[in-house]
Amino acid sequence: MRFGPAIMQQAQQLAAFTEDPPRLTRRCLTLEHRQAGEYILELMRSAGMHAGLDAIGNAVGRYEGSTPQAPAVLLGSHLDTVRNAGRYDGLFGILSAIACVRALHEAGRRLPFALEVVAFGDEEGVRFGITMSGSRALAGTFDPAWLDRTDGDGVSLAEALRGFGGDPEGIPALRRARTDILAYVESHIEQGPVLLDAGMALGVVTAIAGATRVRVRVTGLSGHAGTVPMTGRRDALAAAAEMVLAVERRCGAGGTLVGTVGQLMVRNGAANVIPGHVELTLDVRSGNDNVRLEALAELQRICRHIAARRRCELTWEEYYAAAAAPCDAGLQGQLARSIEAHGIVPRSLPSGAGHDAIAMAAAAPIAMLFVRCGNGGISHHPDEILAVEDAELATAVLLHFLEHFQAP
């Protein structure tokens, strides 16, 4: 094998940079982020790239093309993790891209365009609640107001950046001109079971799902669990439970729509108290924005009807929204041909998870290569699995894609 074993060993090494061993947790702008970033920078430099940390904490390496200062194809993914994470989410896309550059460098080859590999410092949003801040900075969509957001210890993003060695004032200069980027291409584990169930190692992503997150508050009336008749109750939790099931029914009707109630909180709850105030979060996603927005409007109507029937009040607050990001059709075709060149029938599928590519779509055409997850497709979990053979194949396909790349 040419690529796989080294990538797996590097992923193992990166897993050592964690805030709470033996679990893997690496939030942005922490000591562990710095350690992982420095390790990745050394990999980039040994692969022939000029590399360094930018103003927002991304690790960036550049391999010049046959013409100096030529436009670049950007490759990469994120180096931060969720809490108690797996080893390959984000990291595989970085390590695979570096391996491709290393192969070109060792062969003494330059392509007609430059290659840049970016290890984005904050895709998950675990520390400050801001997703994809590193890629949004490069895409020019970073909101300066985010610098005032604080973590659980009251440290602002601006303060954390300065402590890390970054430069909040330098973020606007990170924006890449459209003329400087030919495409953004991300290789990523699927984080789901579709490829695994189909017996396929690789897939071409058609679009990254748009997502809306809603905070729903249901207010009824607290009361004594033993003295208030069932017919006279204004039970906020019973109303919320009915809403959860309504989400499951509406979003389970088929197609690419998915809906999740990920948090359900009973305020001042006790075993002998009728719940009077409940909060829940709703996450609705689809690769088709119209489908997602129609579902959200219908779910809001349903939830308001449930609340009214149960004599409860309801507030509906959308606190996050991202439009779907279609992958460039021409780049999808090029990835498919690279897969075919390795004797595999290509499979197309959407991504239900968000990725840095969704932010980079504001700056360049995007493409994504999905790699099979083992163990039922589990991800964001220590049992996340990537087979060395799949890492090898995906990297070989990515290199073939770059060697035959045509700008869209």
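Among 391-399, 118-126, 241-249, sorting by the average number of other beta carbon atoms lying within 10 angstrom of each residue, highest first, gives 118-126, 391-399, 241-249. For the chain, a Gaussian network of Cα nodes joined below 10 Å ranks Ser338, Ser379, Ser348 by mean-square fluctuation, and the top entry is Ser348.
Distances between placed amide hydrogens fall under 5 Å for Ser187 paired with Gly76, Leu369, all partners being 5 or more residues away or on another chain.
Peptides 296-309, 225-238 ordered by packing proxy, namely the average of other Cβ atoms within 10 Å per residue, highest first: 296-309, 225-238. The sum of -39500 (n - 2.57) across all DSSP H runs of n ≥ 4, divided by the residue count of the chain, sets its helix-only mean residue ellipticity at 222 nm to -10000 deg cm²/dmol.
For the range 210-322, a crude dipole built from +1 on the beta carbon of Lys and Arg and -1 on the beta carbon of Asp and Glu, taken about the Cα centre, is about 300 debye to the nearest 20. With a cut-off of 8 Å between alpha carbons and a minimum separation of six or more residues, what is the relative contact order of the range 210-322 in percent? Here the relative contact order equals 45 percent. Packing here is the average count of other Cβ atoms within 10 Å per residue, and on that basis the peptides 89-95, 357-363, highest first, run 89-95, 357-363. Taken one residue at a time, the phi angles of the range 226-238 give Karplus couplings (6.51, -1.76, 1.60, θ = phi - 60°) of x, 10, 8, x, 4, 6, x, 8, 10, 7, 5, 6, 4 Hz. Gly and Pro are set to x.
The numbers here are math on the coordinates, done by the rules we state, and not lab data. On a predicted model such as this, the values are computed, not experimentally measured, just so you know. Cβ coordinates were reconstructed from backbone atoms using ideal geometry, including for glycine residues, and neighbour counts include every protein chain displayed.
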